[in-house]
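Remarks on the structure that follows.
The values are calculated or read from the model by the stated rules, or taken from the named source; none is laboratory data. Please read these numbers as outputs of a predicted model, since none were measured by experiment. Heads up, the Cβs are rebuilt from the backbone with ideal geometry, glycines too, and the neighbour counts pull from every protein chain shown.
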Amino acid sequence: MSAERNKQVIERIYAALAHGDRDVFAASVHADYVWRFPGHCSWSRRFEGRDAIHRDLLRPLFGLFSTDYTARAINLVAEGETVVAEVRGDVMLKSGARYDNHYCFIFHFRDGKIAEVVEYCDTDLEERVLGNYDAVLAAYQAAEQR
């Protein structure tokens, strides 16, 4: 697939996310895709596979939110099978805190779908506002068992 087509996939994803619609993203990833958080905070880890990413990352994370998460792409650069996206997120947490992070996502494509997401963000904000990843996951799992 061409760089321009890959870029169009990301444009469609962020056009939908601007209105809180996560379905376009879900339809644009491989079942075995990887989501990586480089760095040295509690959220810095690697999640592998759609089911694990949904269970261990997205559901616990979105469980913290009191409003729909929206995001908009500020800048997109595509070359070959890679699209880099500068993004601004916007969401209110149930705690009353704002989690409006700034991101740089690197999307690696395979056969027209996303095979890997590498997420760079303000990790200080992530830890301060979201809290420790292990604590967030444990609280989510405990709530699910009730």
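From the list Ser42, Ser66, which one is out of contact with any strand residue (DSSP E or B) (no Cβ under 9 Å at 6 or more places or on another chain) and hydroxyl-bearing (Ser, Thr, Tyr)?
Ser42
Looking at region 1-24, which of the residues that are part of a helix (DSSP H, G or I) and of a type in the set (Gly, Ala, Ser) is surrounded by the most Cβ atoms within 10 Å (Cβ to Cβ)?
Ala16
I'd like the residue in region 34-63 that is in contact (Cβ under 8 Å) with a residue 40 or more places away in the chain and touching a helix residue (DSSP H, G or I) at 6+ places or on another chain (Cβ under 6 Å) and, out of all such residues, is surrounded by the most Cβ atoms within 10 Å (Cβ to Cβ).
Per the stated criteria, the residue is Trp35.
Looking at (1) in contact (Cβ under 8 Å) with a residue 24 or more places away in the chain; (2) surrounded by 14 or more Cβ atoms within 10 Å (Cβ to Cβ); (3) within 24 Å of Asp32 (Cα to Cα), which is the one condition that is false for Asp68?
(3)
If I filter region 17-33 for residues that are among the polar types (S, T, N, Q), under 20 Å from Ala138 (Cα atoms) and either out of contact with any helix residue (DSSP H, G or I) (no Cβ under 6 Å at 6 or more places or on another chain) or modelled with pLDDT of 95 or more (or both), do I get at least one hit?
Within region 17-33, not a single residue is among the polar types (S, T, N, Q), under 20 Å from Ala138 (Cα atoms) and either out of contact with any helix residue (DSSP H, G or I) (no Cβ under 6 Å at 6 or more places or on another chain) or modelled with pLDDT of 95 or more (or both).
Could you list, in sequence order, all residues of region 75-87 that are in contact with a strand residue (DSSP E or B) (Cβ under 6 Å, 6 or more places away or on another chain) and either among the hydroxyl-bearing types (Ser, Thr, Tyr) or farther than 16 Å from Asp122 by Cα (or both)?
Matches in region 75-87: Asn75, Leu76, Val77, Glu81, Thr82, Val83, Val84.
Please enumerate the residues belonging to region 57-73 that are farther than 12 Å from Arg22 by Cβ and of a type in the set (Ser, Thr, Tyr).
Listed by number, the residues that qualify are Ser66, Thr67.
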